[in-house]
Amino acid sequence: MEDLVVAGLNITAHVTEIQERGYTVVEDFLLTEEVERIRHAFNTEVPITEMRAIGTDTGKTWRAHNLLAKTRAVDHLFLDQRLRALIEGVIGKRTQINVTTLFNILPGETEQLLHQDDGLWPIPRPHPPFLCNALIAFDDFDVENGATQLVPYSHTWHDRPVDQSVQRTQVAMKSGSMLVWEGALWHGGGANTSTGRERMGFFMSHQVNYLRPQEIQLVSVPREVAREMPKELQRQLGYHRFGLGVDGRDPIDVLKDGVVVNPAAKAAAGWRK
Ligand SMILES: O=C(O)CCC(=O)C(=O)O
């Protein structure tokens, strides 16, 4: 079968790499001007907070979550055909947004503990891949400023818990490049030992749309904001048809008109008379 190529990107090759070793790097996913445009929006529109998590306690990681409630600057990235094809290649066609985060690892930050992002859902291993993460470098990521650490092939090690003593690989990549990994891969943010260089990245986590996302997009993004989004982005927030929908209605129709009692059901209530 021929490779799937989307907008010049060989999706089949990248997905195969993710399936085999747990991760891939898409070089030059964004142009420099695009990175700077988004960085400006993040700097001016998105409040950032100090976070101490996953084994770090210095307060030198700054983060912002729930980005789709705060800025429109990255809507188009969630709809990028290359990203969509990569995510679908890893977890299948039924996808939704799990988490949206801005990570800034500042000088002096220590390395995170290795962890598996899919461990939050208590699903016995082995299981089909249900989580796929993408992290776009806004600054150049290198060994000094805290490039992501990961353990190749660990997404297939179903017989053991995460082991902090194993050898880690650090993924250096240029600004605009994107690291994509399977949710079971052992990974963590690196230590920033540089003098004065930040390590800012934009994180887009997707999962299958029949599990509850970590950042519940249906609650996190106000309806008046979601209502203005393109339909495909609304679907990715979780407004997708699932079983009965909302009283038999498509959740997108309900998002638009707020009608949670199906007019057809009301009409049928005539039988009570
Ligand atoms: O920033 C990174 O490189 C990874 C961060 C991470 O895995 C996390 O915060 O859960």
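The values are calculated or read from the model by the stated rules, or taken from the named source; none is laboratory data. None of these values were measured; they are calculated from a predicted model. Quick reminder, even Gly has a Cβ in these numbers, built from the backbone with ideal geometry, and neighbours come from all protein chains shown. Calculation scope for accessible area: heavy atoms of the full protein, side chains included, ligands and nucleic acids excluded. Shrake-Rupley method; radii C 1.70, N 1.55, O 1.52, S 1.80 Å.
Which of the GluC sites (Glu not before Pro) across the range 164-273 are loop residues per DSSP, with 11 or fewer other Cβ within 10 Å?
When the GluC sites (Glu not before Pro) of the range 164-273 are filtered for loop state and at most 11 Cβ neighbours within 10 Å, Glu228 remain.
Using only helices, what value at 222 nm comes out for the chain when you add -39,500 (n - 2.57) per DSSP H run of length 4 or more and divide by the total residues, to the nearest 500 deg cm²/dmol?
Result for the chain, helices only: -6500 deg cm²/dmol.
Share of the range 58-133's accessible area from carbon and sulfur, percent, 1.4 Å?
62 percent
Determine the per residue accessible area of the chain with all protein chains present and a 1.4 angstrom probe, expressed in square angstrom.
Result: 48 Å² of accessible area for each residue.
What is the local net charge at Thr12, summed over the other residues whose Cβ is closer than 11 Å to its Cβ (Lys, Arg +1; Asp, Glu -1)?
Combined, the nearby Lys, Arg, Asp and Glu give -3.
Could you work out the relative contact order of the chain? I mean the mean sequence separation of Cα pairs under 8 Å and 6+ apart, divided by the number of residues, in percent.
Averaging sequence separation for qualifying contacts and normalising by length gives 24 percent for the chain.
What is the Cα radius of gyration of the chain over 2.2 N^0.38 Å, N being its residue count?
1.08
Compute the helix-to-body angle for 11-21: its Cα long axis versus the longest principal axis of the chain, expressed 0 to 90° and rounded to tens.
Value to nearest ten degrees: 60.
In degrees, nearest 10, range 0 to 90: what is the angle between the Cα axis of helix 32-45 and the longest Cα principal axis of the chain?
70 degrees
Summing +1 for each Lys or Arg and -1 for each Asp or Glu, what net charge is found among the other residues whose Cβ lies under 12 Å from the Cβ of Gly183?
-2
Out of Phe242, Phe138, Phe130, any idea which swings most in a Gaussian network model of the chain, alpha carbons joined below 10 Å?
It is Phe242.
Are there any trypsin sites (Lys or Arg not before Pro) in the range 1-63 that are in a DSSP loop and have at most 14 other Cβ atoms within 10 Å? List them by number.
Taking the range 1-63 and a limit of 14 other Cβ atoms within 10 Å, the loop trypsin sites (Lys or Arg not before Pro) found are Arg52.
In the range 179-248, carbon and sulfur make up what percent of the accessible area (probe 1.4 Å)?
54 percent
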